[in-house]
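Working notes, structure below.
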Amino acid sequence: MYTTLQANIDELDNSFLQKIKELFKHKKVTITISSELDDDTEYLLSNPANKQRLMESIEQAKNGKTISMNLDDLK
């Protein structure tokens, strides 16, 4: 079973933990905590190397430097 729970940090209290325990009764769970960035683009742009590569790709696309292919080309 896979479930994504999103909450504000102020909502994390004993009742929240109790709900998780009820949902996954007698199961081993992995809990990952992350602070979400606004979107995937912001995440990708947060790394200077990724940002440079993305900006270069955008510029290439604007200049018509693209490659077209279909699924059969990838086989």
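State whether the residues of the range 28-38 include one that is surrounded by 11 or more Cβ atoms within 10 Å (Cβ to Cβ) and touching a Phe, Trp or Tyr at 6+ places or on another chain (Cβ under 8 Å). Yes, the conditions are met somewhere in the range 28-38. Looking at the chain, the helices (runs of 4 or more DSSP H) lying wholly inside it that each contain 3 or more residues that are in contact with a helix residue (DSSP H, G or I) (Cβ under 8 Å, 6 or more places away or on another chain) and modelled with pLDDT of 85 or more sit at 48-62.
The values are calculated or read from the model by the stated rules, or taken from the named source; none is laboratory data. Remember, it's a predicted structure, so these values are computed and weren't measured experimentally. Note: ideal-geometry Cβ built from the backbone for every residue, glycine included; neighbour counts use all protein chains shown.
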